[in-house]
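The values are calculated or read from the model by the stated rules, or taken from the named source; none is laboratory data. In this text, all values refer to a predicted model and were calculated from it rather than measured experimentally. Cβ: placed from backbone, ideal geometry, glycine included. Neighbour counts: every protein chain shown. For accessibility, only protein heavy atoms count, side chains too; no ligands or nucleic acids. Shrake-Rupley method; radii C 1.70, N 1.55, O 1.52, S 1.80 Å.
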Amino acid sequence: MEDKKQIKKQEPVKTPTMFEMLRGFTSELSTYIKNGSPNVSEDNYTNRLKVCQSCENLDKRLMRCRLCGCLIQHKAKWKTTTCPDKPSRWAKEDIEIKK
């Protein structure tokens, strides 16, 4: 009997439900506001968008991350947010985040 290796297909990422997106956005917005609404530098923002453009988890039609559901042009600006991929694809700017 011959051993056959089973190749596991990578399952497509399931986009979060509207409720999950709203809950995530509300949490991110709360943290952003509590910290004084800090934005990343223009260079870091541009780099974050470039990283997202090359990511397989970006729905380019909607410009929405399939992992968290966020619109990347907004989420990428906020210094208090991170890329939801593990490990994060974004460079961090130093900030002490109040949760």
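Among residues of region 38-57 that are more than 12 Å from Thr81 (Cβ to Cβ), those with a beta-carbon under 6 Å from a residue that is of a type in the set (Gly, Ala, Ser) at least six positions away or on a different chain give the pairs Leu49/Ala76. Of everything in region 13-54 that is in contact with a Ser or Thr (Cβ under 7 Å, 6 or more places away or on another chain) and of a type in the set (S, T, N, Q), the residue that is farthest from Arg66 (Cα to Cα) is Asn35. Number of residues in region 43-78 that are in a loop (DSSP other than H, G, I, E, B), open to solvent by 50 Å² or more (accessible area, probe 1.4 Å) and within 20 Å of Ile33 (Cβ to Cβ) equals 1.
Count of region 12-37 residues, restricted to those that are assigned to a loop (DSSP other than H, G, I, E, B), free of Cβ contacts under 8 Å to residues at least 60 places away in the same chain, more than 16 Å from Cys83 (Cα to Cα) and not β-branched (Val, Ile, Thr), is 4.
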